[in-house]
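The values are calculated or read from the model by the stated rules, or taken from the named source; none is laboratory data. Just so it is clear, the structure is predicted and the values come from calculations on it, not from any experiment. Backbone-built Cβ (ideal geometry, glycine too); neighbour counts: all protein chains shown. When the accessible area is computed, the model is the full protein with side chains, heavy atoms only, and any ligands, DNA or RNA have been set aside. Shrake-Rupley method; radii C 1.70, N 1.55, O 1.52, S 1.80 Å.
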Amino acid sequence: MATRLVNDNFGRGQTSAPGRAFRLPDVALKIAVLALCACGASQGNEAPMTRGTEDAAASPDGAAVADATTPSDAGTTPSSDDAADAVDGVDAAGEGGATPKGSLGWAAPVTYGVGASADPFVPNDAPINVATGDFNRDGKPDLVVLHTSDNTINVMLNRGDGTFLPPVSYAAGTPVNQMFLGDFNGDGKVDVGLPGGATASNNATANPVVFLGNGDGTFKAPISSSSFGATRGVAIGDFNGDGKLDFVANNPTQGTVTVTLGNGDGSFKAGVVSPPASSFGYSRWVSAGDFNGDNKLDLVIADGVGTMNEVGTAEITTLIGKGDGTFTLGAHYPSPPTASSWSGSPAPVGTGPVVNPEDAFAVDVNNDGKLDIIESLYDHNINVFMGNGDGTFQAAVGYVTGEYPRCVAVADLDGDGLVDLVVNNVGCAPNTANCGTAPGSVAVMLGNGGGTFQAPVRMTPFTYPEWLVVADLNGDRRPDIAVTRVDDGHSVDVIVNTP
């Protein structure tokens with residue numbers, strides 16, 4: 001049976017007629033998992049596919065992504081398909097009311113404390129990631145928050161009205177900084193996967209760590225597996241077509257990736273490195289999707305350098321999957337110069353610098369059935385690379401979203417059938433060098449259709465939003481937002497989409 005993944009950022013199916021929930025085209029079935037069930041792919045009125053911090057993926061054989069809010073039949077043993085029905089917020093047929101066309105508004109955020117109380121700003125030492133999945137199979141999308149100060153996952157069950165029970169913590173027993181949701185043992189229950197063990201002292205050497213779900217909102221003790229070496233970014237997906245979830249990690253300074261193939265029980269084999277030679281510059285993120293339509297998962301890498309007024313080598317690089325868990329070099333696509341530099345000094349030169357890429361997400365932004373790529377940069381910009389469907393991409397179009405964009409999620413926020421964007425702008429926290437004082441924000445960019453977007457409308461309820469997920473959290477068929485914040489509070493905030 002095909003592996004069914006929980007994904008936080010990818011939709012699937014067809015754009016629906018009025019009265020039916022919005023979904024992206026079938027191409028999303030080819031997408032690999034996003035780390036935080038948050039950024040990259042949530043679609044329309046569905047809860048995002050899983051990537052605790054980044055991407056959840058679909059199996060390349062066309063298995064659908066898990067529905068975040070579809071309940072399994074009461075009193076029956078769930079199939080592996082039920083786990084796939086645990087992360088995208090609409091039923092498998094796509095039925096249900098849709099957001100009234102053109103209607104959009106946001107309620108004041110509701111704050112839930114997670115982990116330690118607020119501390120003076122310490123970079124990435126807080127509740128940095130959030131994902132959504134149906135952990136107790138009651139048909140309601142729950143939240144899980146990753147806290148890197150105490151190295152825990154924190155599970156918050158949904159009461160059904162968009163409010164949540166207090167978090168229940170599970171210790172990873174190792175340093176953690178990303179999160180993915182998927183069914184790692186094929187039992188139809190949503191599990192949590194992490195890259196664990198990475199520290200400055202061990203050169204960020206990490207290994208897969210999996211919390212297997214019990215299906216009642218609780219989780220088993222973590223399972224640790226063999227290392228995939230030094231990394232900064234991780235994704236999950238079925239990279240060898242055996243129906244079992246695998247991990248892939250970028251090796252930042254080697255220009256390669258390491259794949260640890262899944263055993264189907266929550267453990268993983270030793271890592272295999274590819275391509276055989278260094279193929280890209282210093283890398284920060286990896287995401288997966290089928291870019292050329294051959295039913296094999298490919299990769300996109302956010303790589304290169306360049307900060308402030310230095311015109312650098314920032315780009316995305318594609319790696320083409322061979323279907324056996326290894327990859328060959330695809331192509332390099334340069335990031336265009338940004339519209340302006342950081343708000344700090346020195347002032348920008350000319351049209352502005354090219355700056356470090358932060359993340360890359362594989363999504364279909366124009367509903368043509370071809371995966372596109374959105375890259376976020378350590379500056380003000382995101383770049384949209386439109387896919388041609390044959391593994392190649394068009395030159396990027398840049399958008400200024402706010403200070404330091406990191407996470408990008410997609411959804412039909414206003415019910416007009418077009419893909420919109422939600423962007424997490426981290427902002428400039430205290431003691432951040434060369435950044436200035438610009439606050440963070442959550443930016444909404446409504447889609448024009450055709451893969452272009454309107455200017456951002458920014459919400460600034462707090463200064464340092466770290467990561468976000470988009471899902472229908474209160475059952476009204478409107479995509480809502482959950483966002484973690486640090487600096488001014490260790491919490492996750494829920495922002496409800498209102499008429």
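List of remarks:
- Of the residues making up segment 214-234, one or more are among the hydrophobic types (A, V, I, L, M, F, W, C), open to solvent by 10 Å² or more (accessible area, probe 1.4 Å), within 30 Å of Arg137 (Cα to Cα) and in contact with a Gly (Cβ under 8 Å, 6 or more places away or on another chain).
- For segment 139-161, a tally of residues being open to solvent by 10 Å² or more (accessible area, probe 1.4 Å), in a loop (DSSP other than H, G, I, E, B) and touching a residue at least 24 places away in the same chain (Cβ under 8 Å) returns 9.
- Only strands (runs of 3 or more DSSP E) whose full extent lies in segment 256-347 are considered here, and the ones with at least 1 residues that are at pLDDT 95 or above and either more than 23 Å from Pro195 (Cα to Cα) or touching a His at 6+ places or on another chain (Cβ under 9 Å) (or both) are 315-321, 327-334.
- Among the residues of segment 452-488, those identified as open to solvent by less than 10 Å² (accessible area, probe 1.4 Å) and small (Gly, Ala, Ser) are Ala471, Ala482.
- Against the test of being under 21 Å from the mean Cα position of the chain (by Cα), open to solvent by 30 Å² or more (accessible area, probe 1.4 Å) and closer than 30 Å to Asp368 by Cβ, the options Ile316, Ile320, Ile301 yield a single qualifying residue, Ile320.
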